[in-house]
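Down below is the structure, laid out as C-alpha cells.
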Amino acid sequence: MNQSINIPLPGNIKLTVKREDLLHPHISGNKFRKLKYNILEAKKEGKSALLTFGGAFSNHIAATAAAGKEYGFSTIGIIRGEELVNKIGDNPTLTFARDCGMMFKFVTREAYRLKSDSHFIKALQAEFNDFYLVPEGGTNPLAVKGCQEILSDGDKEFTHIACAVGTGGTIAGLANAAMPHQKVIGFPALKGEGLLDDIRKFAPNGNLELITDYHFGGYGKVTEDLIVFINDFFEKTGIPLDPVYTGKLFFGVIDLIGKGYFPENSNVLLVHTGGLQGIAGMNKELLRKKLPIIKT
Ligand SMILES: Cc1ncc(COP(=O)(O)O)c(C=O)c1O
C-alpha cells in the first residue's frame, strides 16, 4: 500500500511511503520479501529446520522465528554475544523469538565473524543436523528475487526510490526492478566499507547510489535528534518508524530535500521496510540512558 505524505516540503517535491511494514504483523517489511522464496526452497528441499544469524535486536531473527512458527519449521538462531545467554528475558527480540520456538546458540563476536566460513557451517551441521541456511540479514539471491516484488507497475510514476540499507539485499532487489528513469537511493544504517561492491553482486546494472551521511554513529546507534524526528514524524503522519533503519532513512530524505538534493517536482517513494519490533528494545536502552523514548 502506498501512502502520500502531506507535510510542507520545498521544491514541489512529492513524498509517498510504501507501507511494507503492514505486510504481516511479525514478518514485516523486507523480511517477508526476503524469506518468501527461501521458505519455498526450504520446503522443496524437504528441510524441517531454518538456521540463521543475528544480533540481539535483529529484525531478521524475530521474523525468521515467526516465519518458522507460521510455516512449520523449527528455527535455530546463532546470536552474536555470549553474554546474552542468561539475559533472554531482558531482551524483547530474543524473548519473542524464543516464544516462537527458536532455539539459540550464543557465540562470541570473534566466532560470529566466521558466519560464512565453511568450517564453521560444517560444525553447525554436525551440531544441529540438517537445516536450511539463511544468511545474516536474510540476503541471498532468493531474497533479492523477493525484494524485486516490492515495486509494482503503479510505481513507475516515481522519479526516486529510497530505502534503508543493511546487508544490501533490499536495495539490490529494488534496483533490479526499477525502471531506467528511476534512481534508487540507499541510506546505510551502518558505517561500512565495501557495501556497494556487495550490492553490485546482486544488482550489477541497477541505477543506484548510496548516501552514507545518515548512519548516526553506526549500526544500532541513535542520537536525541533522531528520536525527536521519529516522534515528530509519527505525530504528523501516523506512520511509526524504527530507530535502526527507517528512522535514519526518513530523516535523511527529508534533510536532503531541505538541502536541495532532489530536483524540483521530484516524486519520491520511501520504502518502509518495517523493523518496528526493535522499538521496545531500543526504548529500554534509551530509558537507561535517560534519553527521550520512541512513542508508539
Ligand atoms: C527494518 C529493516 N530495514 C532495512 C533493512 C536493510 O535491509 P538489507 O539488509 O536488505 O539491506 C533491514 C535489515 O535487514 C531491516 O531490518
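Quick check: is even one residue across the stretch 72-85 within 14 Å of the ligand (Cβ to nearest atom), part of a loop (DSSP other than H, G, I, E, B) and without any contact (Cβ under 8 Å) to a residue 60 or more places away in the chain? The answer is no, given that none of the residues of the stretch 72-85 is within 14 Å of the ligand (Cβ to nearest atom), part of a loop (DSSP other than H, G, I, E, B) and without any contact (Cβ under 8 Å) to a residue 60 or more places away in the chain. When restricted to residues that are assigned to a loop (DSSP other than H, G, I, E, B) and at pLDDT 95 or above, the stretch 109-135 contains 2. Residues in the stretch 1-34 that are touching a strand residue (DSSP E or B) at 6+ places or on another chain (Cβ under 8 Å), in a loop (DSSP other than H, G, I, E, B), farther than 21 Å from Pro263 by Cβ and at pLDDT 95 or above: Met1 only.
Of these, Phe128, Phe96, Phe158, Phe120, which one is of a type outside the set (Val, Ile, Thr), within 19 Å of Lys34 (Cβ to Cβ) and either surrounded by 13 or more Cβ atoms within 10 Å (Cβ to Cβ) or within 14 Å of the ligand (Cβ to nearest atom) (or both)?
When all the criteria are applied, what remains is Phe96.
Selection of the stretch 223-249 for residues being of a type in the set (Val, Ile, Thr) and either within 14 Å of the ligand (Cβ to nearest atom) or surrounded by fewer than 20 Cβ atoms within 10 Å (Cβ to Cβ) (or both) yields Thr223, Val228, Ile230, Thr237, Ile239, Val244, Thr246.
Just one of the listed residues (Lys191, Lys295) is assigned to a loop (DSSP other than H, G, I, E, B), of a type in the set (Lys, Arg), in contact (Cβ under 8 Å) with a residue 60 or more places away in the chain and farther than 18 Å from Lys14 by Cα, namely Lys295.
Scanning the stretch 178-203 for residues that are aliphatic (A, V, I, L, M), over 21 Å from Ile254 (Cα atoms) and either within 14 Å of the ligand (Cβ to nearest atom) or at pLDDT below 95 (or both) yields Leu195, Leu196, Ile199, Ala203. If you filter the stretch 136-155 down to residues that are among the small types (Gly, Ala, Ser) and at pLDDT below 95, you find that the one that is nearest to the ligand (Cβ to nearest atom) is Gly137. Leu208 meets each of the listed conditions (1) free of Cβ contacts under 8 Å to residues at least 60 places away in the same chain; (2) more than 13 Å from the ligand (Cβ to nearest atom); (3) touching a helix residue (DSSP H, G or I) at 6+ places or on another chain (Cβ under 9 Å) apart from (2).
The values are calculated or read from the model by the stated rules, or taken from the named source; none is laboratory data. Bear in mind that the values here come from a model prediction, so they are computed numbers and not experimental data. Ideal geometry is used to build each Cβ from the backbone, glycine not excepted, and the neighbour counts take in all protein chains shown.
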